[in-house]
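To start, the structure itself, in structure tokens.
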Amino acid sequence: MRIGIVCYPTYGGSGAVATELGLALAGRGNDVHFISYALPFRLRFSERVTFHEVKIGSYPLFEHPPYSLALAVMLHEVAVKARLDVIHAHYAIPHALSGWLAKQLLAEERPLPIVTTLHGTDITLVGQDPSYYTITKFSIEQSDAVTAVSAYLRDETYRAFGCTGCGIEVIPNFVSLEEFKPPVERCASFPPGEKVLMHISNMRPVKRVLDVVHIFARVNARIPSRLILVGDGPDRDAAEREVDKLGLSARARFLGKVEDVAEVLRWADLYLLPSQSESFGLSALEALATGVPVVAHRVGGLPEVVQHGINGFLGEVGDVDGLAAGAVELLADAERWRQASAAARARAADFATERVVPQYEELYAAVVDR
Ligand code: GMT
């Protein structure tokens, strides 16, 4: 099939999922066209992948150039030139609406099915903002098919937007078990016996990065450890200041944005994701695939990924002491950690690329044949 994928190119889960999906679809013989305002951060060359950069016309009258319209025009242009069978919009705002507009532009010639995948903050935060609510509801309901990355997000969409007629299908995020896999041997960069705790995110407030620092401080007081923080965003400076204030600068490293998170994850003994809200937690799945147990909050879709007491620990939002205790329990006993690590890798297999990507292909075929 000829598939158009529209997503954010920035360092975050929805862009990562969209990009890995496109690459996997190309590897399975589909022609994939990415459309965005910049090259998606995880996009690597692939013979059957093409990137189309959205040109956003500017004019002195515009304080905010209308990206949604420029995107719609580009989607229509690519749909015509590349004879796209379907457009897959990742993250409802504004991608689902731009897809609907492109569909209208082509309507007199032929149908152009729009599949929308809901990723999280498009529903739980941004979409419920009064500035975007009605158009988010409209664009979801106008999509030819809608998926959500977790049952939690499907149910939250029904609760917050109605959309009960949409028949939202749950297709979870996925992970390459070849790319994300346990290390052959422990990373030699850290002193023997010390544990490595890790967090990867865009460090927005929803990620509660200060909790990461406070959990680490409590763990380090019991078990000599290191903290690796990957990514960048609005809360990074506050996290760095907190690390300094707690006298932990010698034990914490801020790597900034890293493309090859698979390699970095292989350094870790434990992954921390104490988010306020998390529709799925792609980074937690990638940690599990690496054999790294996960300590997180029992929120959103995380309980659909991390199995408390088996391959990780799930606690209540704000219970830093509780999450730290869970982390120590996983790290203090080598055999306990080994069992959790093996269970983490086994759990990740439930979300392997080979199991999930065909579900999207079946969905595309269903909307194209409709
Ligand atoms: O995690 C982020 O803040 C980025 C965000 C996004 O909108 O790109 O990620 C969302 O989509 C990911 C991929 O489906 C999910 O794994 C994340 O849980 C979700 N983030 C939130 O719900 C906060």
- Query: So what's the angle, to the nearest 10 degrees on a 0 to 90 scale, between helix 67-81 and the longest Cα principal axis of the chain?
  - Reply: 70
- Item | Under 5 Å, built H, 5+ apart or other chain: amide partners of HIS33 | ILE3, GLY4, ILE5, THR50
- Item | Phi-based couplings in Hz for region 149-165 (Karplus 6.51, -1.76, 1.60; Gly and Pro marked x) | 7, 7, 5, 4, 5, 4, 5, 5, 5, 4, 5, 7, 10, x, 6, 4, x
- Task: For LYS181, list the lysines whose Cα falls under 29 Å from its own Cα; do not include residues on the same chain fewer than 8 positions away.
- Result: LYS195, LYS207, LYS257
- Taking all protein chains as present, what is the carbon and sulfur share of the accessible area of region 195-349, in % to the nearest whole number, probe 1.4 Å? 48
- Query: Mind checking which of GLY13, GLY167, GLY281 has the largest fluctuation in a GNM of the chain, springs on alpha carbons under 10 Å?
  - Reply: GLY167
- Query: To the nearest 10 degrees, how steep is helix 209-222 against the longest Cα principal axis of the chain, on a 0 to 90 scale?
  - Reply: 20
- Message: Quick check on region 169-211: take the gyration tensor over C-alpha atoms, sort the square-rooted eigenvalues as a ≥ b ≥ c, and tell me if it's rounded (a/c under 1.5), prolate or oblate.
- Response: oblate
- Task: Would you pull out the residues with amide H under 5 Å of VAL258's amide H, same chain only if 5 or more places away, H placed 1.01 Å from N?
- Result: GLY231
- Counting each DSSP H run of 4 or more residues in the chain as -39500 (n - 2.57), what helix-only mean residue ellipticity at 222 nm follows after dividing by all residues, to the nearest 500 deg cm²/dmol? -12500 deg cm²/dmol
- Query: Where only protein heavy atoms count, and the probe is 1.4 Å, what is the accessible area per residue for the chain in Å²?
  - Reply: 42
- Query: Which aspartates and glutamates have a Cα less than 13 Å from the Cα of LYS103, not counting those fewer than 8 places away in the same chain?
  - Reply: GLU77, ASP85, ASP144
- Message: Using a Gaussian network model on the chain with a 10 Å cutoff between Cα atoms, which of SER225, SER279, SER341 fluctuates the most?
- Response: SER225
- Note the angle between two axes, namely the Cα long axis of helix 92-106 and the longest principal axis of the Cα atoms of the chain, as a number of degrees from 0 to 90, rounded to the nearest 10. 20
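The values are calculated or read from the model by the stated rules, or taken from the named source; none is laboratory data. Please read these numbers as outputs of a predicted model, since none were measured by experiment. Please note that ligands, DNA and RNA were not included when accessible areas were found on the heavy atoms of the full protein model with its side chains. Shrake-Rupley method; radii C 1.70, N 1.55, O 1.52, S 1.80 Å.
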